[in-house]
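*Asks:* Shown below is the structure under consideration.
Just so it is clear, none of the values below were taken in a lab; they were calculated from the coordinates. This structure is a prediction, so every number in the text was calculated from the model and none was measured. Glycine also receives a Cβ, built like all others from the backbone with ideal geometry; neighbour counts cover every protein chain displayed.
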Amino acid sequence: MDNIYCPDKNISIDESMMLWKGRLVFRKYVKNKKHKYGIKFYELCKSDGIVLKVKIYSREATLDKHLFGQTGAIILDLIEKFLGKGNHLYTDNFYNSFELTKHMIYQKTYICGTLRTDRKSNSKECTKAKLKKEDVISRSREGVVVAKWKDKRDMLMICNLHSLQMIEVTNRGE
């Protein structure tokens, strides 16, 4: 399949749950999901939603902590065949870290997404800054940009793909 199909540059990783009420060693409980008990999947998808690769959550597979933690190991496993091809990977705050984003530069793979404020290597200036609505603060180090802005609530972003440049967007009809 890899020889026949080549996806576009934009790919993303996310997780999903399949409802499962029976007995299963790797059944997962996630309190904020619609289906609280089930089988958890990690999916690598194209920008149009086509699934390229799936990894099923199991405790045994996630015990092997990688240099970038459990979530870093998941990402590197899912995008293994796409490393070095200049792909743009979009993720949510469950997966991102400064170390992983920096590592992706050397793999010629670009990553962009939201970031949890409690990650160890976050810029303290960005995470601790008190912002007013529409304020932005950013820091760049080793090719990685971390930015925080406030709209309705504080948002933290990490990226090695885009530079930090604010673009004014207007909605039609306003």
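*Asks:* Taking other Cβ within 10 Å of each residue's Cβ, how do Ile167, Ile111, Ile79 sort, fewest first?
*Replies:* Going from least to most buried by this count: Ile167, Ile79, Ile111.
*Asks:* Mind checking the angle between helix 69-78 and the chain's longest principal axis? C-alpha axes, 0 to 90 degrees, to the nearest 10.
*Replies:* That helix lies at roughly 70 degrees to the long axis.
*Asks:* What's the long-distance tail for the chain, i.e. % of Cα pairs beyond 25 Å?
*Replies:* 42 percent
*Asks:* Compute, for the chain, the length of the dipole vector about the Cα centre, with Cβ point charges of +1 (Lys, Arg) and -1 (Asp, Glu) only. Units Debye, rounded to 20.
*Replies:* 840 debye
*Asks:* Loop-only trypsin sites (Lys or Arg not before Pro) in region 68-168, please: DSSP not H, G, I, E or B, and at most 14 other Cβ atoms within 10 Å.
*Replies:* Answer in residue order: Lys85, Lys108, Lys120, Lys130, Lys132, Lys133, Lys152, Arg153.
*Asks:* Can you tell which of Ser138, Leu156, His35 lies farthest toward the positive end of the dipole of the chain, using +1 and -1 charges on the Cβ of basic and acidic side chains (Lys, Arg; Asp, Glu)?
*Replies:* So the residue furthest toward the plus end is His35.
*Asks:* Using only the Cα atoms, work out Rg/Rh for region 108-158, with Rh taken as the Kirkwood radius, to two decimals.
*Replies:* Rg/Rh: 0.96.
*Asks:* Next question. Filter the GluC sites (Glu not before Pro) in region 79-161 to those in DSSP coil with at most 15 other Cβ atoms within 10 Å of their Cβ, and list the result.
*Replies:* Glu134, Glu142
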